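Provided herewith is a single structure, encoded as structure tokens, for subsequent inquiry.
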Amino acid sequence: MSDADLGQALPLPTPSPELQARLAVRRSAPAQALTGPGPSPAEIERILHLGARTPDHGKLFPWRFVVMGPESRAALAEALLPHAARQTDPVKARNVLAKLTAPPLTILVVSTPIEGHKVPVWEQQLSAGAVCMNLEHAAHALGYSASWITDWYSYDPQALDLVGVKAGEQVAGFIHVGTLAEPALERPRPDMAAKVDYRS
Ligand SMILES: Cc1cc2nc3c(=O)[nH]c(=O)nc-3n(C[C@H](O)[C@H](O)[C@H](O)COP(=O)(O)O)c2cc1C
């Protein structure tokens, strides 16, 4: 879509058994199990464009992306290593750094809410979360598996400096993308009767 498309009528939804079937078995990948092939540069651009087509109150687009290839993630994992030692469970903190290095591609989604705007910060943060989910759907649509990870370095202030997240920003997610050698296994899903309140 470009500026020339603004105001153009978009196609109305039509039933898609294929999309329903895909959504019915949607599953995250274990990040460490993601391997090559990963998306090509053109596919990465497509995934970003599809992912950014996300609900957003006020057209603020309150998020940004950092596309991280293997080299930048290896350097980040190395820089984070000494900080893993400060965490409550240092061994686990060190082990989860493998999620940063294994996948072929990572898209870091940074929430960049505008404080004091009439659109509440919470809604701006929800939009960043929706972007993460949309990126996963986009990756799946191109035939890749994906994993939405935060881990300790998304919250540790010194680690956030290394990640490049500024004051007032938050990590919405590291969206790892790649290929699974083995299919992911089903996991428990919510009891819908306990989750849904139907009203007339
Ligand atoms: C905001 C957010 C952060 C997450 N962070 C982690 C994480 O740090 N480590 C992890 O193992 N799973 C994390 N997850 C969960 C996985 O992304 C995934 O949703 C979960 O394994 C369930 O798989 P499913 O998406 O197939 O239901 C996170 C999910 C969300 C929504």
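Throughout, read-outs are computed from the coordinates displayed, never taken from laboratory work. Keep in mind that this is a model prediction, so the values were computed, not measured. Reconstructed Cβ throughout: ideal geometry from the backbone, glycine too, with neighbour counts over all protein chains shown.
Compute the length gained on full extension between ARG53 and VAL196: take 0.36 nm times their separation in residues and subtract their Cα-Cα distance, giving the result in nm to one decimal. Numbers along the way, then the final one.
Values: separation 143, 0.36 × 143 = 51.48 nm, distance 2.74 nm.
Extra length available between ARG53 and VAL196 comes to 48.7 nm.
Run lengths n ≥ 4 of DSSP H only: what is the helix-derived mean residue ellipticity at 222 nm for the chain, with -39500 (n - 2.57) per run over all residues, to the nearest 500? Walk me through the numbers before you get to the answer.
Values: 8 runs with 76 residues, N = 200.
Theoretical 222 nm ellipticity from helices: -11000 deg cm²/dmol.
Explain nothing, just compute: Karplus ³J(HN,Hα) = 6.51 cos²θ - 1.76 cosθ + 1.60, θ = phi - 60°, for every residue of segment 84-89 in order, whole Hz, x for Gly and Pro.
In residue order, the calculated couplings are 4, 5, 7, 7, 4, 10 Hz.
I would also like to ask the following. Can you tell me, using C-alpha contacts under 8 Å and at least 6 residues apart, the relative contact order of the chain as a whole percent?
Values: 286 pairs, mean separation 61.4, N = 200.
Value for the chain: 31 percent.
Among ALA42, ALA141, ALA102, which one moves the most in a GNM of the chain with springs linking Cα atoms closer than 10 Å?
Sorting by GNM fluctuation, first place goes to ALA42.
Taking 0.36 nm per intervening residue step and subtracting the Cα-Cα distance, what contour gain separates ARG27 from ALA85 on full extension?
Working: separation 58, 0.36 × 58 = 20.88 nm, distance 3.18 nm.
In short, 17.7 nm is gained.
Can you check what the Kirkwood hydrodynamic radius comes to for segment 31-180, Cα pairs only, in Å to one decimal?
Details: mean 1/r = 0.0638 Å⁻¹.
15.7 Å is the Kirkwood radius here.
Through the Karplus equation 6.51 cos²θ - 1.76 cosθ + 1.60, θ set to phi - 60°, convert the phi angles of segment 43-60 into ³J(HN,Hα) values in whole Hz; use x for Gly and Pro.
5, 4, 4, 5, 4, 5, 5, 5, x, 6, 7, 10, x, 7, 5, x, 6, 8
Under a 10 Å cutoff between Cα atoms, tell me which one of ARG27, ARG187, ARG86 has the largest fluctuation in the Gaussian network model of the chain.
Residue with maximal mean-square fluctuation among ARG27, ARG187, ARG86: ARG187.
Restrict the search to segment 107-200; then list the chymotrypsin sites (Phe, Trp or Tyr not before Pro) that DSSP places in a loop and that have at most 12 other Cβ atoms within 10 Å of their Cβ. Could you put the intermediate results ahead of the total?
Values: sites: TRP122, TYR144, TRP148, TRP152, TYR153, TYR155, PHE174, TYR198; in loops: TYR144, TYR155, TYR198.
In loop regions of segment 107-200 (DSSP not H, G, I, E or B), the sparsely surrounded chymotrypsin sites (Phe, Trp or Tyr not before Pro) are TYR155, TYR198.
Return the long-range amide H neighbours of THR54 (sequence gap of 5 or more, or a different chain), with a cut-off of under 5 Å between placed amide H atoms.
Close amide H contacts, sequence-distant or interchain: none at all.
Go ahead and run the numbers for FRET between ARG64 and ALA98, Cβ-Cβ distance against an R0 of 22 Å, rounding to 0.05.
Values: r = 26 Å, r/R0 = 1.17.
So, using R0 = 22 Å, E works out to roughly 0.30.
Can you give the FRET efficiency to the nearest 0.05 for ASP5 and VAL121, using r as the Cβ-Cβ distance and R₀ = 30 Å?
Values: r = 30 Å, r/R0 = 1.01.
So the FRET efficiency works out to roughly 0.50.
Bin by bin, in steps of 10 Å, what percent of the Cα pairs in segment 103-200 do you find, going until the bin that has the longest distance?
Percent of Cα pairs in each bin: 14, 33, 32, 18, 3, 0.
Would segment 70-136 count as rounded, prolate or oblate if I go by the C-alpha gyration tensor, calling it rounded below 1.5 in a/c and otherwise prolate when a/b exceeds b/c, oblate otherwise? Don't skip to the answer; put the middle values down first.
Numbers: a/c = 2.77, a/b = 1.80, b/c = 1.54.
The shape class here is prolate.
For the chain, what is the charge dipole size about the Cα centre, in debye to the nearest 20, if Lys and Arg each add +1 at the Cβ and Asp and Glu each add -1 at the Cβ?
Numbers: 18 positive and 20 negative charges, 68 e Å.
With only Lys, Arg, Asp and Glu charged at Cβ, the dipole is about 320 debye.
I would also like to ask the following. Can you work out the Karplus-derived ³J(HN,Hα) for every residue in segment 174-191? Use 6.51 cos²θ - 1.76 cosθ + 1.60 with θ = phi - 60°, whole Hz, and x for glycine or proline.
3J(HN,Hα) across segment 174-191, in whole Hz: 8, 9, 8, 10, x, 10, 9, 6, 10, x, 5, 9, 5, 10, x, 10, x, 6.
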